[in-house]
Amino acid sequence: MHEEFYQLSQTSADMLNETKNNGGRIIAIGTTSIRTLETIGQEYDGQFKAASGWTSIFISPGYQFKAVDAFLTNFHLPKSTLIMLVSAFLGREFVLRSYHHAVEEKYRFFSFGDAMFVKKR
């Protein structure tokens, strides 16, 4: 898995903590945001703090999410590391069924393809 640079400001960390503390959901937009928030969440036991650095977190089935409650992402290619991230959140079988539907309906894949909103069931 490649490394990605991240930066989370104190203002953003405060808003995320306030949202979580008030029972709101943390919704990430894109896999880079997921990796950023989970890297910080793992380091600070689910809390958000201002931080920057490089993440090499590899999220695959069995991973326990600490920070993100839902996310928006595109349809990633099968057998990619990013489809593993989605599978870690939703479960492999559900993702396989969803992707079968996407292929049947001719959804577009890659960065400029169709998107999906993913939340815990």
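Taking every C-alpha pair closer than 8 Å and separated by at least 6 residues, the mean separation divided by the residue count of the chain gives a relative contact order of 28 percent.
Rounded to the nearest 20 debye, the dipole magnitude of the chain is 340 debye, with +1 charges on Lys and Arg beta carbons, -1 on Asp and Glu beta carbons, and the Cα centre as origin.
Using only the C-alpha atoms, the convex hull of region 4-119 corresponds to 101 Å³ per residue. Which residue, V68, V86, V103, tops the fluctuation ranking in a GNM of the chain built on C-alpha contacts under 10 Å? Of the options given, V103 has the highest mean-square fluctuation.
Of the peptides 27-40, 3-16, 70-83, the ranking by mean beta-carbon count within 10 Å, highest at the top, reads 27-40, 70-83, 3-16. Cα centroid distance between region 1-21 and region 60-114, in Å? Taking the Cα centre of region 60-114 as reference, the centre of region 1-21 is 22 Å away.
Antiparallel beta bridges, as assigned by DSSP with both residues in the chain, represent about 75 percent of the total such bridges. May I ask you to derive the FRET efficiency for M15 and S56 from their Cβ-Cβ distance with R0 = 25 Å, giving the value to the nearest 0.05? Efficiency for this residue pair is about 0.45.
In this simple spin-label approximation, Y63 and L96 carry label points 7 Å from Cα along the Cα→Cβ vector, and these lie 2.1 nm apart.
Every read-out reported here was derived from the displayed coordinates using simple, explicitly stated rules and does not represent laboratory data. All figures in this text were calculated on a predicted structure; none of them were measured in a lab. Note that each Cβ is placed from the backbone with ideal geometry, even for glycine, and that neighbours are counted across all protein chains shown.
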